[in-house]
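What follows is a single structure, written as structure tokens, with notes after it.
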Amino acid sequence: MRKRTRRQPRQTAEQEHLEGQGPKRKSVTNRLITSLFVTLIVIVLAFAAYIGVMASTGGFKPSKDIVIEVPQGASQASVAQELEDKQVIFNDDIFRLYLRFNPIENLQAGTYKMQTHSSFSQAAKNLAEGAKEMEAGIAIPEGTDIESMATIIEQNTPFSAQDFMALVTSPDYFQKLLATYPELLADVSQNNDVRYKLEGYLFPATYQLREGQDLEAFVTQMVDETNKFYQNNKTTFQASDLSVNEIFTLASLVEAEASTTEDRAMIAGVFYNRLADKMPIQSDISVNYALGEHKSYVTIKDTQVDSPYNLYKNPGLGPGPYNNPGAESLQAVLNPKENDYYYFVADLSTGEVYYSKTYEDHLKLVDEHVSEEDAKLAQPKASQSTGQSQTQATSSSN
């Protein structure tokens, strides 16, 4: 019997076509992989070249002189972040990596003269050379108003009070600042009743005037310091029922009313209580600002002055700040001490502040602790703004 051999099934035309395409498909796939790999290498090399150029040259943008403050105990990481924020270097993480191979021994606290868009080597060299002695130090006390600040500027810098006032009242300059610090200045920019739109936003501190620095750069530095405080406390600002401008306004009242951290928080709580119960603030600080003078005692006639800043006649907090508050007063408004008081008065001979819940109790405390001698103690210093504790001497928030 003859064995039957099994025939292999014949391939279809489609199968033959696909088998013929196999080598071609592999070839196309290989070319795609090679192309992607080459592209990736080119991107990596281009990125490395970019980093190399930026690190070695700082880029090709025009540079300008800048002052960098290094606080006591600052880490290289925090310094690197500050350098990036001020556009001295293009990237703080890569600069920190650079410093691992080029360490700076004994980084000093102090003021450094540097340039924006510097190379890593130049920035590291500036830090290694140590802090520089600056041309002049200008102390702006907490609670200084803009007009008093003009006097301080004229007395301690080459700039005149007139030039300072012209700059801080310039609509064009304010618009430039608004474009740079929109979150900080948006509220006050919409209020046409404010006397000076920058009142409250020029941070009180000791500033260094470097050689060749112009007035605009100097004033912008003060606004930048205020913006730093805002950014560092942005979450608390946004959680408040008050607007940014209202927070700075209330802080300016607290600044003029209190001299200790504890009293600032307590007085902020008193003001919040009055606002919550729709009671007028009735601060003599507001009357003095409305009058444009510093009076020891505010009279009934004074409290009738026609001004949106007069918090005897107007509800709320007024159009804007009455001076430029410091960090402690701003923190007091952001984190007030809860209490059930509505009045306070200070004995200026001891510095003690007394709080009361009723107007009757408040008047008793005024009779006990306020005298004509206290009013003399409340006189503002020539270099200060709305003199501290004027309202306290006459019966704050009465």
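The values are calculated or read from the model by the stated rules, or taken from the named source; none is laboratory data. No experiment lies behind these values; they were computed from the predicted model shown. Don't worry about glycine lacking a Cβ; one is built from the backbone with ideal geometry, like all the others, and counts go over all protein chains shown. We work out accessible area using only protein heavy atoms, side chains counted, and drop any ligands, DNA or RNA first. Shrake-Rupley method; radii C 1.70, N 1.55, O 1.52, S 1.80 Å.
For the reader, a short list of remarks on this structure follows.
- Full-extension gain in nm, Gln175 to Thr39, via 0.36 nm per residue minus C-alpha separation: 44.4 nm
- Proximity of backbone amide H atoms, modeled 1.01 Å from N, is registered between Thr144 and Asn324, Ser385 at under 5 Å, excluding neighbours fewer than 5 places apart on the same chain.
- Ordering of 178-185, 326-333, 46-53 by packing [mean C-beta count within 10 Å, highest first]: 326-333, 178-185, 46-53
- Using the empirical formula 2.2 N^0.38 Å as the baseline, the Cα radius of gyration of region 139-340 reaches a ratio of 1.00.
- The distance separating the Cα centre of region 169-203 from that of region 286-361 comes to 24 Å.
- Rounded to 0.05, the FRET efficiency of the Glu293 and Gln115 pair, given R0 = 51 Å and the Cβ-Cβ distance, is 0.70.
- Pairs beyond 27 Å (Cα-Cα), from Lys234/Lys337; Lys113/Lys234; Lys234/Lys357; Lys176/Lys337; Lys86/Lys176: Lys113/Lys234; Lys234/Lys357; Lys176/Lys337
- When nucleic acids and ligands are ignored and a 1.4 Å probe is applied, Arg264 ends up with an accessible area of around 30 Å².
- Three-way shape call for region 221-278 based on the alpha-carbon gyration tensor, with the a/c threshold at 1.5: oblate
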